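Here, each number is a calculation from the coordinates, and none is a lab measurement. Source: prediction; values computed, not measured. When we count neighbours, we look across all protein chains shown, and the Cβ atoms used for this are built from the backbone with ideal geometry, even at glycine.
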Ligand code: SF4
Ligand code: SF4
């Protein structure tokens, strides 16, 4: 990837910095974020590289890579960052943008389906039922018997339940969804 400093379009970066309340000029490129991340081994780009890609305005690469979808929002990178850069928030921003522009790369479809099913579960029950979520995901992706063996073992040990209990105050959970929807974020 070649580019000239003077020709970098800052539009995407400026909007991202304002929305995520971050100042990427503060990044030392120390790599502490990447060093602490447990999922870099399957990411297209490490968290440190994501910051660099934003700085050089590589929007297409950012929106089509798998990194934001692999991030599990553990926040370790944000805790370790000496510059206080909220990388998980940046990852969320990139996902929102990729969804809005439909610019996500191949292989991300199933991740998006999983996100949708997970949120449906939370909306319906106020919590996640691992059994129902795994069954729905596997049925929708045509992997009918995937996880069947593991599921049986987990059920046998009582680690997951075949029941899907709801939280008591479901209306409160649904009001969060409504608030997001009213703000155009849901
Ligand atoms: S830890 Fe913070 S300062 Fe260091 S490379 Fe990552 S984002 Fe930049
Ligand atoms: S929040 Fe995401 S990018 Fe940061 S350490 Fe956790 S998985 Fe890695």
* To do: Please give the helix 109-125 orientation as an angle from the longest Cα principal axis of the chain, in degrees from 0 to 90, rounded to the nearest 10.
  => 50
* Asked: Against the longest alpha carbon principal axis of the chain, how many degrees, from 0 to 90 and to the nearest 10, is the axis of helix 87-101 turned?
  -> 80
* Ratio of Rg to Rh for region 57-107, alpha carbon only, Kirkwood? -> 1.01
* Could you rank the peptides 79-90, 46-57 by their average count of other C-beta atoms within 10 Å per residue, with the highest value first? => 46-57, 79-90
* To do: Go ahead and estimate [θ] at 222 nm for the chain from helices alone: -39,500 (n - 2.57) per DSSP H run with n ≥ 4, summed, over the residue count, rounded to 500.
  => -16000 deg cm²/dmol
* Return an integer: the convex hull volume of the alpha-carbon atoms of region 109-174, in Å³ per residue. => 77
* In degrees, nearest 10, range 0 to 90: what is the angle between the Cα axis of helix 170-182 and the longest Cα principal axis of the chain? -> 30
